[in-house]
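Please read the structure below before turning to the comments.
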Amino acid sequence: MTTKIVKIDGEHINLHVIEEVATLLKQGGLVAFPTETVYGIGANALNENSIKRIYEAKGRPSDNPLIVHIAQLSDVYKYVSEVSDISLKLMNKFWPGPLTLIFNKNATLSSVITGGLETVAIRLPSNNIAKAIIKASGLPIAAPSANRSGKPSPTRAKHVIEDLDGLVDMIIDGGKAQIGLESTVLDVSSSIPVLLRPGSVTIEMLEKEIGQVLIDPTLIGEHEKITPKSPGMKYKHYAPKGMLAVVYGEDYLAIKEINQLVKEKEVAGYSVAVISTDEDKEMYQCENIMVIGSKNNGIEIAANLFKILRKMDEKGIEYIYTKAFSEENIGMATMNRLLKAAGNKKICL
Ligand code: AMP
Ligand code: MG
């Protein structure tokens, strides 16, 4: 299949291109486009064949459900059996935006999209291009991250092209995804909401709005043998090809340990890289130092994480070391993705 690649300026959207995308989606096609979180691969959520094509293009296991993207809040009522007061509050506060809510579904959507579950994940994105596409299609759009399963999520059109050229009908290049991490996933299908995936809508922001929010125990490393409620969280994710390890400890000790590990691997002939904050970069002795942002700017670190993990593969890096970042606010989401990328390989000093 030839993939058509088209640039769109998010500030001056070319409506002819949007119409072309909408037509493709109505005909069952797959189109990758930017959202404010990461790039998504969109298809008509009402068409089982299109949904199956998404799973094939991504190489995604069929029990890992997709998020349904809508263009206006009232569309939620078409696909769910009940909207609680709590979910309404959350939608009013955080939509459009990077919060996915899990509802009990009604019979409208196929269980192919929900991986056989009785619940459905729904989000109303804020990115101008994503909104225009969903609105013009007049359809609910299934749009998982536009990467091959297991790889870091794409934050630039270039990443999507690397993974999906020849596997989708069209890729819209709309610049970089602003946030750079996938949406927060919150289960509101039972009385107390449960956080299933951390994102840039933080637990503090959620609790300020609705009071108590539970955290799925698998997110905080407890109960390692139980299966996460969000099926996608059980799979290996975001992984670069090289071996990534995350070092925990006081700054001085952690940097010393990383320099030691780098030396051992470089002497043995491996290509090695360190992910560093701006503040620490002079302290490392390594041929490849990739600066992720200021340690005082969690938003910048989050936005650069997946780009840096992909860069590691481009450069053929075999061993990657990083100090753990702050877990405050969006840091919880960053550390969740980083540890998954590391296959949970921690070095605690
Ligand atoms: P992605 O589309 O790649 O951002 O991944 C979507 C995430 O939402 C995955 O971790 C899914 O497991 C999760 N998800 C989607 N639908 C549901 C659902 N009905 N219940 C729980 N988690 C879900
Ligand atoms: Mg994904």
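Listing for the model above:
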quantity	calculated
Summed side-chain charge close to Ala132 - residues other than Ala132 whose Cβ falls under 14 Å, Lys, Arg +1, Asp, Glu -1	-3
Charge sum, other residues only, whose C-beta stays under 13 Å from Glu300's C-beta, Lys/Arg counted +1 and Asp/Glu -1	+1
Residue order, fewest to most surrounding Cβ atoms within 10 angstrom, among Val201, Val247	Val247, Val201
Net +/- balance of residues flanking Pro144 in space, Cβ distance below 14 Å, scoring K and R +1, D and E -1	+4
0 to 90° range, to nearest 10: angle between helix 298-314 axis and the chain longest Cα axis	80
0 to 90° range, to nearest 10: angle between helix 85-94 axis and the chain longest Cα axis	70
Fraction of beta bridges assigned by DSSP in the chain that are antiparallel (%, nearest 5)	35
MRE, 222 nm, helices only [DSSP H, n ≥ 4, -39500 (n - 2.57), over the chain, to nearest 500]	-9500 deg cm²/dmol
Cross-link pairs beyond the 23 Å C-alpha cut-off, checked among Lys176/Lys263; Lys52/Lys105; Lys131/Lys158; Lys7/Lys340; Lys89/Lys295	Lys176/Lys263; Lys7/Lys340; Lys89/Lys295
Chain lengthening between Ser62 and Leu214 when straightened (0.36 nm per residue, less Cα-Cα)	52.0 nm
Rounded FRET efficiency, nearest 0.05, which uses the C-beta distance separating Asp313 from Ser190 and R0 of 35 Å	0.30
Long-range HN-HN contacts of Ile320 with modeled amide H, under 5 Å	Met243, Leu244, Ala245, Ala273
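Computed from the coordinates by the stated procedures, all read-outs in this text should not be read as laboratory data. These numbers were taken from a predicted model, which means no experiment stands behind them. Quick reminder, even Gly has a Cβ in these numbers, built from the backbone with ideal geometry, and neighbours come from all protein chains shown.
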